[in-house]
Structure formats: structure tokens, C-alpha cells
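First up is the structure itself, then whatever we jot down about it.
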Amino acid sequence: MSNSQSLTVADALKSLQDAVQAENTLIASRVTWYVTSQAFLLTAYATSWNANFGWPGFFHWALPIAAIVLSGIIFTSIYAATWAQDVYLREQTHLIRRARGELGLSAAELLALDVYERTTVPQRTNARGHIVGARVHGLVRITPLLLPVGFSLIWLYALVLAPRLG
């Protein structure tokens, strides 16, 4: 960036919004990759129950452990992405408040800032005008965070409670 250019509030807000969207994209791709990997692991596990299948110890012990570890890793990475989103959203709210209070914006700039603020996650409203953004944002996180927990429980069942091949 040259000395004649400076970062505007609009640029900073756009950067924060882009960062939130980038985390959304990462979460979506991680969930897609995770569900695909679990489908392959479950298929291998189910196939291993066929008669005369080799390596039952591996498929009935090591594979569930690997799947549980994978679930823990993906849960951690998704949780980290949601935490990063929260950081960006707090910074966005803080920047909007400071811009409104400290910059002496024109009427047109304040109008633009108001419109922008109403579209941010924490300020989204329902049809009646009630702010629901944070609640909706929290609900959207349920699936990516609970999938690894749910699959871990399935794998724990397979590891501990499933009948053994004799």
C-alpha cells in the first residue's frame, strides 16, 4: 500500500466480512470432507463383517479408534473456525460503534453504515423486526459441531459394544 492510500472503514468492514465468509467456507468444506471420510470408514467397517474377511482385529478395533481420533480433530478445527468467526464479528461490531461515535461521518456515510450494520450477523432481524442474528448464527453451528460427536458415539459403540466375530 502506498503512502497516498489509506485503509477506509469500508475497507476494514469488507475485510472482516470476507474473513467471516472465509471461515464459513472452511467449515462447509471440512464438514463435506468429514462426512465423505466417515462414509468410507463405515463402508469398510460394515464390509469387514463378511465371513472370511481378513484383518477383523484391524477393522473392528483400529478403524473405530482412527475414526474417533479423526472426529476429535475435525471437531477441534470446526470449533476453531467458529471461534475465529466470533472474533471477526466482535471486531466488526466494535468498528461500527467506533466509526459512528468517533469519525464525524456525513449523513450519507451514517446511512450507509446503518444499512451495513443491519446486515451484519448480530443485527439480522426476523420479519417482525426482532433481532435474531446471534440465535440463527448459533443454530447454524449445530450441525458442523454435532456431526463429529454423533459419529464418535457410533464408533464408540462399534468399538465397545458391537459383538465380536468368533
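Spacing of the modelled spin labels on Trp55 and Thr76, each 7 Å from Cα toward Cβ, amounts to 2.5 nm. Just Trp49, Trp155, Trp83 to compare: in a GNM of the chain, with alpha carbon springs under 10 Å, which one fluctuates most? Result for the chain, Cα springs under 10 Å: Trp49 fluctuates most.
Listed options for Rg/Rh (Cα atoms, Kirkwood Rh) are [x] 0.98; [y] 0.93; [z] 1.21. The value calculated from this structure is the one marked [z].
Rounded to the nearest whole Hz, the Karplus-based 3J(HN,Hα) values (6.51 cos²θ - 1.76 cosθ + 1.60, θ = phi - 60°) of the range 137-144 follow the sequence 4, x, 5, 4, 7, 4, 4, x, with x at glycine and proline. Simple spin-label estimate for Ala44 and Thr125 gives 5.3 nm between the two label positions (7 Å along the Cα-to-Cβ direction from each Cα).
Between Val140 and Arg100, the simple label model (points 7 Å from Cα in the Cβ direction) yields a spacing of 2.1 nm. For Ile65 and Thr32, what is the calculated FRET efficiency with R₀ set at 25 Å and r taken between the beta-carbons, to the nearest 0.05? With R0 = 25 Å, the Cβ-Cβ based efficiency is 0.60. Centre-to-centre separation between the Cα atoms of the range 144-161 and those of the range 105-141: 37 Å.
Each residue of the range 15-25 is assigned a 3J(HN,Hα), and the resulting list reads 4, 5, 5, 4, 5, 4, 5, 4, 5, 4, 5 Hz, derived from the Karplus form 6.51 cos²θ - 1.76 cosθ + 1.60 (θ = phi - 60°), x at Gly and Pro. Note on the chain: GNM, Cα springs under 10 Å; of Val149, Val31, Val20, the largest mean-square fluctuation is that of Val149. Taking 0.36 nm per residue of sequence separation and removing the Cα-Cα distance, the Asn24/Thr8 pair yields an extension gain of 3.3 nm. Note on the range 29-63 and the range 65-89: Cα centroid distance 22 Å, given to the nearest whole angstrom. Projecting the Cα atoms of Ala162, Phe58, Ala80 onto the dipole axis of the chain, where Lys and Arg carry +1 and Asp and Glu carry -1 at the beta carbon, places Ala162 farthest toward the positive end.
Since every read-out is calculated from the coordinates, none of them should be taken as a lab result. This is a predicted model, so every value here is computed, not measured. All Cβ positions, glycine included, derive from the backbone under ideal geometry; neighbour counts span all protein chains shown.
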